[in-house]
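Enquirer: The structure that follows is given in the form of structure tokens.
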Amino acid sequence: MFYLKYRPHTIEDIDNKKVKEVIERILQTSRFSHAFLYVGQKGTGKTSTARIFTKAINCLNNKFADKSNKSFEPCNHCSNCKSIDNSSSVDIVELDAASNRGIDDIKNLIRESNFMPMSTRYRVFIIDEAHMITNEGFNALLKTLEEPPKSVIFILATTNKEKVPKTIISRCTLINFGKANKEDILSMLKRIIVREKITIDDKLLKLIPSVSENSFRDATKILEELVIQQKLTYDEGKNFLGVSRQNFLELIEKQNLKEILGWLTDFYENDGSIKVLIEQTLEELRLLLLSKNGLKFEEEVKSNLTLKEVLKLIKLLTEAYQNLRITPIESLPLETAMVEFYNLRSK
């Protein structure tokens, strides 16, 4: 799988540029927190970054082992780096809080944190989906985060910061991964196609970040699907991904309800993705909203829609997107939104 094969292994390889800069600054100082909280949506590199950070502070060949060496990059060749990479280090514990969330699981983890490292400089506990820990578990963990052993570092990763108690957050250094931006995703994809010697239409490659839900992982999966299915031209790839062949917003501007409902029926029956269509249209509406409020973009954003119509469409399409989870017919929420929009427009 491309995502596993090309998972970053050094700080330089971290795809999220903002996060890379934060990690670099932390490692340059050599004075880092005993607890970190990585926050960001799925597929933004939280776990990969945690492993890279863990290797860097435990590497036997960089500045943390040799003060004359100024590099903080993990060498990926020493015994510590290799054991962390293949998950065989007894000093590095990865815990999935989605299935190990109770107070007994956390007590076991705390008990382990009291032991000195056997081969590394620091014992590191990486807790994924940390927001799933129970209240009792968090309360047990709090004491250890307040007074941790000097040789222990905790890295908590979560997609839902709001569910992590403020008392826990206050004890951690917060690193916000946010969403993967399109430029960073595209840079990652270009690295993969060069190494895999893939010939793909440049226009199609630039389309992948738009349908990847701002996720590095999802983007690599989409690229792999396109390669497996040999859909590497723009038209073939666009149709395979269920992306609209016509600008949906331009259709809306025509003010012909019958035409747009007919087009939606054809789009849906030919395996077009309603989810992707709504996401694309909302992104265009967002740019249009910002443009109508004075923001400038490299490419001029044009539309005959009024600001009031843009706001109404954003509201209706957002509701339609939320209703995709519960509808028995995928196209129905969007069709309903269009009928409501045109009825309001005609009044």
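Taken together, the values in this text are just the output of simple stated rules run on the coordinates, not laboratory data. What you see is a predicted model; the values in this text were computed from it and never measured. When we count neighbours, we look across all protein chains shown, and the Cβ atoms used for this are built from the backbone with ideal geometry, even at glycine.
Enquirer: Can you pick out the pairs among 238/275; 18/70; 182/221 whose Cα atoms lie more than 18 Å from each other?
Expert: The answer is 18/70.
Enquirer: Tell me the angle of helix 182-196 to the major Cα principal axis of the chain, expressed in degrees between 0 and 90 and rounded to the nearest ten.
Expert: Helix 182-196 sits at roughly 70 degrees to that axis.
Enquirer: With a point put 7 Å past each Cα toward its Cβ, work out how far residue 166 is from residue 254 in nm, to one decimal.
Expert: Result: 5.3 nm between the two label points.
Enquirer: Taking the range 7-96, which trypsin sites (Lys or Arg not before Pro) meet the DSSP loop condition and have no more than 16 other C-beta atoms within 10 Å?
Expert: 31, 42, 67, 70
Enquirer: Checking the cross-link filter: which aspartates and glutamates have an alpha carbon closer than 13 Å to that of residue 302, excluding same-chain neighbours under 8 positions apart?
Expert: Partners within reach: 250, 253, 284.
Enquirer: Using DSSP to call loops (not H, G, I, E or B), can you name the GluC sites (Glu not before Pro) in the range 1-89 whose Cβ has at most 15 other Cβ atoms within 10 angstrom?
Expert: 12
Enquirer: Give the aspartates and glutamates reachable from residue 67 as a straight Cα distance under 19 Å; neighbours fewer than 8 places away on the same chain don't count.
Expert: 24
Enquirer: Would you mind checking which residues have amide H under 5 Å from residue 215's amide H? H placed 1.01 Å from N; only 5 or more apart, or other chain.
Expert: Residues meeting the amide H criterion: none.
Enquirer: Take residue 323 and residue 265, extend 7 Å from each Cα along the Cα→Cβ direction, and tell me the distance between the two endpoints in nm.
Expert: So the two model labels end up 1.9 nm from each other.
Enquirer: Show me the ranking of peptides 122-130, 315-323 by mean Cβ neighbours inside 10 Å, starting with the highest.
Expert: Output ranking for 122-130, 315-323: 122-130, 315-323.
Enquirer: Follow-up. Tell me which of 289, 310, 176 sits at the most positive position along the dipole axis of the chain, charges placed on C-beta atoms (Lys, Arg +1; Asp, Glu -1).
Expert: 176
Enquirer: According to the square roots a ≥ b ≥ c of the eigenvalues of the Cα gyration tensor, what is the shape class of the range 272-347, taking rounded for a/c under 1.5, prolate for a/b larger than b/c otherwise, and oblate for the remainder?
Expert: oblate
Enquirer: Once you've got the Cα coordinates, tell me which of 46/296; 197/231; 17/197; 206/296; 82/231 are over 27 Å apart.
Expert: 46/296; 82/231
Enquirer: Which of rounded, prolate or oblate describes the range 60-208 when judged by the alpha-carbon gyration tensor and an a/c cut-off of 1.5?
Expert: Oblate, since a/c reaches 1.5 and b/c is not below a/b.
Enquirer: If you bin the C-alpha pair distances of the chain every 20 Å from 0, what whole percents do you get?
Expert: Over the chain, the share of Cα pairs per 20 Å bin runs 25, 47, 25, 2 percent.
Enquirer: Can you pull out the chymotrypsin sites (Phe, Trp or Tyr not before Pro) in the range 203-308 whose DSSP state is coil and whose Cβ has at most 12 other Cβ atoms within 10 Å?
Expert: Qualifying residues, ordered by number: 297.
Enquirer: Obtain the nm distance between the two label points defined at residue 12 and residue 287 by a simple spin-label model: each point lies 7 Å from its Cα along the Cα-to-C-beta direction.
Expert: Going from the residue 12 label point to the residue 287 one covers 3.4 nm.
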